[in-house]
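The values are calculated or read from the model by the stated rules, or taken from the named source; none is laboratory data. Values in this document were obtained by computation on a predicted structure and should not be read as measured data. Quick reminder, even Gly has a Cβ in these numbers, built from the backbone with ideal geometry, and neighbours come from all protein chains shown. Accessible surface areas use protein heavy atoms only, side chains included; no ligands, DNA or RNA. Shrake-Rupley method; radii C 1.70, N 1.55, O 1.52, S 1.80 Å.
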Amino acid sequence: MTELSTRFNFREIDDKWCVRWEMENLFHAQTDSGKEPYTIVIPPPNVTGILHMGHALNNTLQDIIIRYKRMKGFETLWMPGTDHAGIATQNVVEKQLAKEGKRRQDLSREDFLKRLWDWKKEYGDTIIRQLKKLGSSCDWPRTRFTMDDQYCNAVKEVFVRLYEKGLIYRGEYIINWCPRCHTALSDEEAEHHEIQGSLYYIRYPFKDNPDKGLTVATTRPETMLGDTAVAVNKKDKRYKDLIGKTLILPLMGREIAVISDELVDPAFGTGAVKVTPAHDPNDFEMGKRHNLEFINILHPDAVLNDQAGDFEGMDRFEAREAVLEALREGKFLEKTEPHTHAVGHCYRCHTVVEPYLSRQWFVKMKPLAKPAIEAVKKGKIAFYPKRWTKVYMNWMESIRDWCISRQIWWGHRIPVWYCERQSCKPIVSLTTPSNCPQCGSTNLKQDEDVLDTWFSSWLWPFATLGWPDKSKDLKYFYPTASLFTAPEIIFFWVARMIMAGLEFMGQIPFSDVYLHGTVRDTKGRKMSKSLGNAIDPLEIIEEYGADALRFSLIINSGQDLFISKEKFEIGRNFANKIWNASRLIMMNASAVDPSFDLSAIKNIKNINLPSQWIVSRFFSTLKKVSLAIEQYRYSEAENSIYEFFWGDFCDWYLEIVKDQWDDPAIQNIAFKVLELSLKMIHPFMPFVTEEIWSQINEGKGSICHQPWPPVHKNLIDNAAEARMQTVIELVTSLRNLRSQWNIKPQEKIQCFFCSRSKEDLELLKSHETILMNLAHMNGLTIDKKAVERKNTATVIVRMIKGAVPLGHLINIKEEKSRILGQIGQQKKASVGLAARLKNKDFLKKAPKEVVDKEKARLESINTKIKELKKVVSCLS
RNA sequence: GGGCGGUUAGCUCAGCUGGUUAGAGUAUCUGACUUACAUUCAGAGGGUCGGAGGUUCGAAUCCUCCACCGCCCACCA
């Protein structure tokens with residue numbers, strides 16, 4: 001065996017296994033293994049940049065399950081890939097261009113797209129490399145991108161099918177327009193933030209009585225330039241008689257009518273609403289209903305156009321001020337009130353979006369939503385935690401049509417061609433048409449726009465498997481099992497995948513949706529590059545190791561994760577602990593029989609209690625961990641592992657057997673428990689476990705494909721665990737006592753134990769050595785009856801009393817007060833218990849087990865008090 | 001305006017169907033170089049479980065109200 005470093009050298013080892021796993025293609029899934037499939041599709045990271053801590057968390061969670069299921073004997077497919085992220089990626093490349101002083105319009109569409117593909121290559125590759133560094137056991141040769149040729153076909157197919165079904169239509173509506181990205185957005189892509197704005201009251205004079213007028217209230221005064229009516233509610237007595245009157249629109253001099261519409265709330269503002277049909281969704285509706293004129297006052301970049309009179313050429317916010325100034329001058333502005341309201345912002349560039357009238361493509365959502373609602377209602381798809389079900393349902397039940405066209409270049413070009421003759425119908429086709437089926441013209445132009453990124457992402461669970469081809473992969477691996485993502489994309493992605501899965505595959509895309517929290521800094525702020533509070537996962541891997549990153553992210557974490565750099569120490573230390581425990585065992589493995597099975601401990605004569613105990617503890621832990629993984633209770637699984645491996649195995653078992661390595665049984669048991677622990681820990685910390693596994697099991701192949709150990713229920717021995725617990729408590733009490741009296745480790749003590757219980761005496765006798773070693777004793781006496789000695793310190797564990805003669809070392813007075821303190825503590829408990837046991841209602845109504853348990857407890861406490869009192873009387 | 005989540009030790013979190021004296025890790029303090037590991041070992045201190053009511057023999061746990069923090073949704077201009 002080679003000499004092992006005293007530290008787990010993760011830098012070398014992580015890289016070594018990354019390369020080997022990939023070279024040996026260990027994570028490649030086959031369709032003909034005869035095993036049951038278990039599939040996860042990765043939420044494809046955007047190729048906008050590199051991975052952040054949220055990705056690290058997301059992928060760790062997936063990898064734990066996938067590695068676990070692989071060991072459980074499933075044919076596991078974890079499908080990796082990346083997303084082209086239309087607007088977002090185009091934005092970063094535009095920024096890059098801007099540094100060269102260029103705009104995308106300075107390049108041809110082709111040249112611009114070439115730059116995007118270059119970007120995609122660089123960042124897509126980096127992302128995949130980073131995923132590998134994290135230990136993600138994805139099926140790398142299958143890696144997909146949302147703009148692969150095959151994937152593009154799937155997108156087109158979906159567009160054509162939905163169009164033919166009448167679920168895709170084109171029309172002029174008010175959409176959310178980002179003036180910076182220069183594109184339409186869906187409702188979900190407009191993020192609403194509360195803004196401290198103002199409510200401006202503007203008087204619109206009557207045509208026949210210019211000194212009087214109707215006052216309207218607005219938050220966007222500049223839009224008045226496009227007003228074509230003022231609306232009131234006919235139930236509003238104040239304004240009832242004004243309906244039909246003509247007003248003069250200030251600054252523009254346009255005649256507009258007072259109309260009546262139910263949408264108007266008499267209680268808000270003045271109860272009269274200016275109507276701008278081209279710049280507000282409500283007003284748009286009213287405009288349609290009342291046949292109003294639609295006046296668009298904005299260029300696509302939110303600069304006012306020639307419909308804006310004197311304000312033409314101004315930016316919208318500049319125009320707002322100018323309009324207000326002009327209104328003030330004309331005495332039209334009556335008052336200004338502070339007003340908080342929610343304003344939509346572009347989710348990619350955070351610019352305030354503008355409700356904008358334009359012609360776009362939409363998907364009719366109601367028919368798609370219906371089966372998707374059913375699937376969740378019937379429990380075919382479950383959300384973890386459960387509460388997200390309601391969020392999903394609420395959105396689905398009030399779903400609105402989805403604007404899918406984007407006026408950008410990076411993405412799936414809309415598969416629609418227009419004939420030179422405008423009267424011909426648009427041609428929606430999977431392939432480029434050569435001529436118009438209606439008029440035969442060959443002068444056709446493809447729609448300039450591309451599709452919303454999510455219009456491709458929603459196909460991810462089946463398009464990555466080859467759809468629309470009826471591929472073997474698709475048949476075998478679809479539907480997938482579980483999906484891991486953040487709650488903020490339930491609407492964008494999760495809900496839409498469910499709809500697409502049901503529509504195009506006739507089957508749900510996954511049965512479990514696990515929603516994990518957001519990674520935040522210690523102040524609770526979201527980690528982001530712009531805030532400068534981001535911790536780079538790669539830096540953590542470099543400094544602490546990938547296992548440490550994975551383990552630390554999850555242990556002791558709540559819903560949202562509050563992360564500081566120090567948090568990663570726990571994982572690093574634990575990996576190191578595993579490493580060193582393994583070293584110890586490997587150094588003492590001369591007589592290990594590789595075929596030894598833990599079930600055999602039943603047949604080992606004189607098997608010691610600690611061994612029975614550690615085996616029992618292992619299987620109890622394994623049971624807990626397996627269940628926790630199945631239920632997505634990650635933190636709990638890691639806690640159990642940590643507690644077992646460090647707390648039980650290292651701190652107690654290995655300490656106890658340190659001087660028993662000559663015994664082959666001990667070697668075998670320690671070795672086997674280690675080996676099984678490695679398997680149990682592997683999904684969480686793949687690198688350290690693989691490294692040690694490879695050293696102790698040369699030739700057996702990677703740990704990745706070892707079977708997950710079955711729980712041997714008959715080796716879970718509660719009696720052994722209880723007896724060992726007594727030993728542990730004895731040692732702990734003695735250590736405690738030593739520390740109280742400042743007894744140096746080199747200074748040995750003696751102890752006189754006694755108990756009325758035969759079992760206790762037996763237990764003590766058979767564990768003399770352990771007690772002596774772990775509590776640093778040089779003498780130990782066990783008696784049935786206590787011999788009262790003067791000037792001793794005392795420990796009491798259940799029925800066992802231990803007297804430690806420390807005459808020369810202790811201060812009798814202080815020991816007395818220490819024991820009196822303990823008596824006080826016990827008395828407090830005993831008083832409460834006694835009162836409860838005197839309570840007739842308690843005796844009558846509480847279950848018998850509880851009453852019995854309490855009685856027994858009181859008895860043992862009282863015994864302890866009695867014993868302690870005796871001790872006090874001997875201290876003089 | 002509607003909805004959801006949180007509030008337990010200085011910090012991060014457990015505490016699942018109510019039943020010991022509310023637990024870990026970390027930080028703090030004390031003591032140890034005990035040849036697997038100082039990324040270690042041993043020990044200690046530290047909480048009236050956000051507040052107020054209620055249900056119950058019994059509440060951190062169930063109910064009601066309140067407070068604060070966070071998130072999501074919403075066409076009152």
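Results, tabulated for the structure shown:
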| quantity | calculated |
| --- | --- |
| Shape category assigned to the range A:496-571 from the gyration tensor of Cα positions, a/c cut at 1.5 | prolate |
| Residues with amide H under 5 Å from that of A:D783, placed H, sequence gap 5 or more | A:F753, A:C754, A:S755 |
| Cα centroid separation - the range A:763-833 against the range A:679-701, whole Å | 44 Å |
| Mean accessible surface per residue for chain A, computed with a 1.4 Å probe while every protein chain stays in place, in Å² | 46 Å² |
| Chain A, relative contact order [Cα under 8 Å, separation at least 6], % | 12 percent |
| Tensor-based shape of the range A:372-440 (alpha-carbon gyration tensor, a/c under 1.5 rounded, otherwise prolate or oblate) | prolate |
| Per-residue ³J(HN,Hα) for the range A:652-663, Karplus 6.51 cos²θ - 1.76 cosθ + 1.60, θ = phi - 60°, Hz, x for Gly and Pro | 10, 4, 5, 5, 5, 8, 3, 9, 10, 5, 5, 6 |
| Per-residue SASA entry for A:I295, accessible area with 1.4 Å probe, Å² rounded to 10 | 10 Å² |
| Difference of contour (0.36 nm per residue) and Cα-Cα distance, A:R756 to A:N153 | 208.9 nm |
| Simple label model, 7 Å out from Cα along Cβ direction - A:K72 to A:E814, nm | 5.6 nm |
| Listed pairs A:K577/A:K623; A:K121/A:K165; A:K748/A:K816; A:K445/A:K472 exceeding 26 Å between Cα atoms | A:K121/A:K165; A:K445/A:K472 |
| Longest exposed-site-free window of chain A, the sites being GluC sites (Glu not before Pro) in a DSSP loop that have at most 14 other C-beta atoms within 10 Å | A:449-697 |
| Over the range A:742-807, relative contact order from alpha-carbon pairs under 8 Å, at least 6 apart, % | 43 percent |
| Pairwise Cα inverse-distance average, inverted: Kirkwood Rh of the range A:384-487 (Å) | 17.3 Å |
| Projected-area mean, the range A:36-90, by convex hull of Cα positions, square nanometres | 3.9 nm² |
| Packing-based ranking, highest mean first, of A:662-668, A:455-461 given that Cβ atoms within 10 Å are counted | A:455-461, A:662-668 |
| Under 22 Å from the Cα of A:K700 - lysines, other chains or at least 8 residues apart | A:K16, A:K35, A:K69, A:K72, A:K672, A:K679 |
| In order through the range A:246-251: 3J(HN,Hα) via Karplus (6.51 cos²θ - 1.76 cosθ + 1.60), integer Hz, x for Gly, Pro | 10, 10, 9, 5, x, 6 |
| Degrees between helix A:109-133 axis and first principal axis of chain A (Cα, 0 to 90, nearest 10) | 10 degrees |
| Stretchable slack from A:A600 to A:N714, in nm (0.36 nm times residue separation minus alpha-carbon distance) | 39.9 nm |
| Reachable lysines, given that their alpha-carbon falls under 22 Å from the alpha-carbon of A:K784 and they are not under 8 places away in the same chain | A:K758, A:K765, A:K801, A:K864, A:K866, A:K869, A:K870 |
| Whole-angstrom gap from the range A:167-190 to the range A:742-760, using each part's C-alpha centre | 79 Å |
| Inter-part distance where the range A:299-338 and the range A:7-23 are each reduced to a Cα centre, Å | 63 Å |
| Amide H contacts under 5 Å for A:L77, placed H, 5+ residues apart | A:Y38, A:T39, A:I40 |
| Extension reserve of the A:K475-A:K523 stretch, reckoned as 0.36 nm per residue once the Cα distance is removed | 12.6 nm |
| A:N9/A:S766 FRET efficiency (R0 60 Å; Cβ-Cβ; nearest 0.05) | 0.90 |
| Cα gyration tensor shape of the range A:647-780, rounded if a/c is under 1.5, else prolate or oblate by comparing a/b with b/c | prolate |
| Per-residue ³J(HN,Hα) for the range A:538-551, Karplus 6.51 cos²θ - 1.76 cosθ + 1.60, θ = phi - 60°, Hz, x for Gly and Pro | 5, 5, 5, 4, 4, 8, 10, x, 5, 4, 4, 4, 4, 5 |
| Computed FRET value (nearest 0.05) for A:Q422 with A:E488, which takes r as the C-beta separation and R₀ as 35 Å | 0.25 |
| Inverse mean reciprocal Cα-Cα distance (Kirkwood Rh) of chain A, Å | 33.2 Å |
| Nearby aspartates and glutamates by direct alpha-carbon distance to A:K335 (threshold 13 angstrom, same-chain neighbours under 8 apart not counted) | A:E325 |
| At 1.567 mPa s and 4 °C, Stokes diffusion of the range A:124-201 via Kirkwood alpha-carbon radius, µm² per second | 74 µm²/s |
| With all protein chains modelled, accessible area of A:H712 [1.4 Å, Å²] | 60 Å² |
| Rounded to 5, the percent of DSSP beta bridges in the range A:729-876 classed as antiparallel | 60 percent |
| DSSP bridge pairs, chain A: antiparallel proportion in percent, nearest 5 | 70 percent |
| Relative contact order computed over the range A:1-159 (Cα-Cα under 8 Å; 6+ residues apart), in percent | 33 percent |
